[in-house]
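First comes the structure, then the notes that go with it.
The values are calculated or read from the model by the stated rules, or taken from the named source; none is laboratory data. Computed from a prediction, not measured in an experiment: that's the story for all the values here. Remember, those area values only see protein heavy atoms, side chains included, never the ligands or the DNA or RNA. Shrake-Rupley method; radii C 1.70, N 1.55, O 1.52, S 1.80 Å.
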Amino acid sequence: MPQWETFVGLTGVVLVSLLVLSYLTQSAFDDGESDTSDGVDERFDAMDHDSDWNARAPDESSPSRATVNAPAPEPIDDERPAADDRSPSDIDDGARDPSQPQNVATSSDARFDPADRSIDPASLSTGALLANVAFSQGLFALLLLGAAVYTAIPAAALGIEFSAAYLERGVMVGTVAGISVYVVNELAAATATRLGFDHDETLRELLAPDSVGGWLVLLLGVLPIIAVFEEFLFRAALIGVPAAGFGLSPWLLAVGSSVAFALGHGMQGSVGVVVTGLLGFVLAAVFILTGSLLVVVVAHYLINALEFVVHEGIGLEWAETLER
């Protein structure tokens with residue numbers, strides 16, 4: 001007998017964990033960019049301050065100033081041997097003479113210590129980012145699938161069937177839906193950009209590979225994992241199961257799952273969150289109308305793959321193309 005309550009509870013745990021992880025990731029990236037920017041500004045401010053300070057008359061009472069200015073010439077002592085006549089030991093002793101000015105690091109030099117700089121998110125390895133995304137989302141997907149098996153959730157409630165017709169229909173309808181939604185999404189994003197509302201695509205840019213092997217890993221490994229997990233969670237688990245187990249309205253559940261779907265993509269900025277929420281509702285509607293998890297998985301995958309290939313692979317920006 002299906003344990004609907006247990007599965008919904010486990011789904012909630014996975015959802016909260018995903019949202020917390022998304023928030024922490026966003027905070028880490030924001031803090032890294034902010035710290036790097038602030039550090040650069042402080043260093044340039046310090047340079048301007050030091051330049052103005054050096055331009056002023058020297059202050060003999062300032063010990064830090066004495067380390068920068070050249071020392072005053074000393075009186076010539078006839079009994080002191082000439083520089084050419086001094087032995088190497090005399091020269092060494094003179095270099096160690098405490099009365100002579102020593103070379104010390106200034107405060108501005110210390111501020112340029114590379115060890116003090118924050119990590120720039122753009123400097124992170126693309127391979128490491130891809131591995132992290134694949135591992136985290138793949139692990140969540142396995143946990144959710146295990147929960148469905150453990151609680152004996154019917155495959156039909158998840159939008160899954162085991163037949164050739166289901167597979168054929170899922171691929172065909174999913175392909176048409178994915179391409180159609182991608183085009184509409186790009187037109188909407190381009191229109192928003194022209195109106196001055198742009199969303200952050202830093203994560204997509206960081207995940208974009210720079211080699212053929214990297215593209216194969218992304219298109220054949222990482223993106224399929226993302227599509228399977230997110231559709232299993234946001235459509236099958238958050239819409240299909242509560243609707244089948246508790247008789248709730250799937251359209252009401254679609255609204256809640258779309259909000260959660262948007263919050264899970266907070267790194268795209270406020271505009272990106274709104275666009276992603278609308279996209280999530282469209283995918284939820286496709287899931288409700290077709291009753292097929294495979295359809296929305298294929299559609300989701302094509303949307304992500306086309307975005308990467310068009311923007312990062314080809315370098316085509318729809319907003320610039322529409323302005324021509």
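Computed with a 1.4 Å probe over protein heavy atoms only, the accessible area of Y166 comes to about 30 Å².
Ranked from largest to smallest solvent-accessible area, with a 1.4 Å probe on the protein heavy atoms, E231, E317 come out as E317, E231. Rolled with a 1.4 Å probe across the full set of protein chains, the surface gives H300 an accessible area near 10 Å².
Largest first, the residues R194, R235 sort by 1.4 Å accessible area into R194, R235.
Would you mind classifying the range 237-283 by shape? Square roots of the alpha carbon gyration tensor eigenvalues, ordered a ≥ b ≥ c; an a/c under 1.5 is rounded, otherwise it is prolate if a/b is larger than b/c and oblate if not. Show your work: numbers first, answer last.
Details: a/c = 3.72, a/b = 2.71, b/c = 1.37.
It is prolate, given that a/c is not under 1.5 and a/b is the larger ratio.
Each Cα pair under 8 Å and six or more residues apart adds its sequence gap; the mean of these over the residue count of the range 201-324 is a relative contact order of 29 percent.
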